[in-house]
Amino acid sequence: MAERPARKAPRTTKLVVRRTEWATPHLIRIVAAPVEAADIDRFAESPHTDAYVKVVFRQPGVTYPEPFDMAAARAELPRDQWPTLRTYTVREVDREAGEIVIDFVYHGDNGLAGPWAASAEPGTELLVAGPGGAYAPDPAAGWHLLVGDESALPAIAAALAQIPAGVPVHVLVEVDDAAEEQKLSSPGELNLQWVHRATAGDTGLADAVRALEFPAGQVHAFVHGEASEVKELRRHLLDERGLTIDQLSISGYWRRGFDDESFRAAKQAEAQAAIARAPQRA
């Protein structure tokens, strides 16, 4: 089997923080602008409502090539000096203002991105690689199902803005408690249900989807969040509800007990194991 070509590193854009806001007790909203004003176009023109970036965190004490280039950093430096990456969905792009909005979940001093966001102030540098993306609501769908937790909430909010007027959209979002709820709106016929982790437990989101009475008509679904819960929901939607894979955008954004690097490594190992188990051509 021929080797796959090396994946090209996504373009890195330098942003500068303009302002920050505590949107909820555990969510920090960062509003930033590209240093090069024209770079806003690449974000504004993305066709995906789940447009995401890799936030680039430089390793302390390491000198990187300037202007910063991810491919050059990886080529010139040992692996343990490569920047650390964290994946975040772009919640909003304001082309006129030249601003990009990214939400960061904050759980105290643990982790990397949350503490950075808590300390960010106007003028702070924010490096991002991307954007990527894969999903946008199908305008021909009879209704839409959007399911996720805090990690999927920015993509859900962006998708809601693209639901056609009057089209039903059922949204189920898991957060810690009522204080973490956000105001969501849509041109569509919005049916919103918040699931509180503090009372419903780790299976509350899946239980809520099982209990949902599906409207008639063809559904287009976006389901993302904690990996084990998403796996359970995939089985439910495909096997019990009879959806087909082309009706679904579904994957785990994170896994309980894993950081971003270890989750990516685990997913890669699982994919390689699946390939090894697959029947081989004679």
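At-a-glance table
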{"item": "Value of relative contact order over the range 143-254, rounded to a whole percent, pairs C-alpha under 8 Å and six or more apart", "result": "28"}
{"item": "For the range 163-178, Karplus couplings with θ = phi - 60° (6.51, -1.76, 1.60), whole Hz, Gly/Pro x", "result": "6, x, 4, x, 7, x, 9, 9, 10, 10, 10, 9, 9, 4, 7, 4"}
{"item": "Residues with amide H under 5 Å from that of GLU189, placed H, sequence gap 5 or more", "result": "GLY166, VAL167, VAL169"}
{"item": "Residues whose placed amide H lies under 5 Å from that of TYR52, excluding near-sequence neighbours", "result": "VAL90, GLY132, GLY133"}
{"item": "Charge dipole magnitude, Cβ of K and R +1, D and E -1 - the range 64-138, Cα centre, debye nearest 20", "result": "300"}
{"item": "Amide H partners (placed H, <5 Å) of LEU127, local residues excluded", "result": "LEU15, VAL56"}
{"item": "Cβ charges +1 (Lys, Arg) and -1 (Asp, Glu), total dipole of the range 1-112, debye", "result": "340"}
{"item": "Nearest-20 debye value, the chain charge dipole, Cβ charges on Lys, Arg, Asp, Glu", "result": "980"}
{"item": "Normalised contact order of the chain, rounded percent, pairs of Cα under 8 Å and 6 or more residues apart", "result": "17"}
{"item": "Fewest-first ranking of GLU181, GLU76, GLU150, using other Cβ atoms within 10 Å as the exposure measure", "result": "GLU76, GLU181, GLU150"}
{"item": "Between the range 102-175 and the range 5-82, the Cα center-to-center distance that results, in Å", "result": "16"}
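None of the figures in this text is laboratory data; all of them are computed from the coordinates on show. A quick note: this is a predicted structure, and the numbers were derived from the prediction, not measured. A quick note on method: Cβ atoms are made from the backbone with ideal geometry, for glycine too, and the neighbour counts reach across all protein chains shown.
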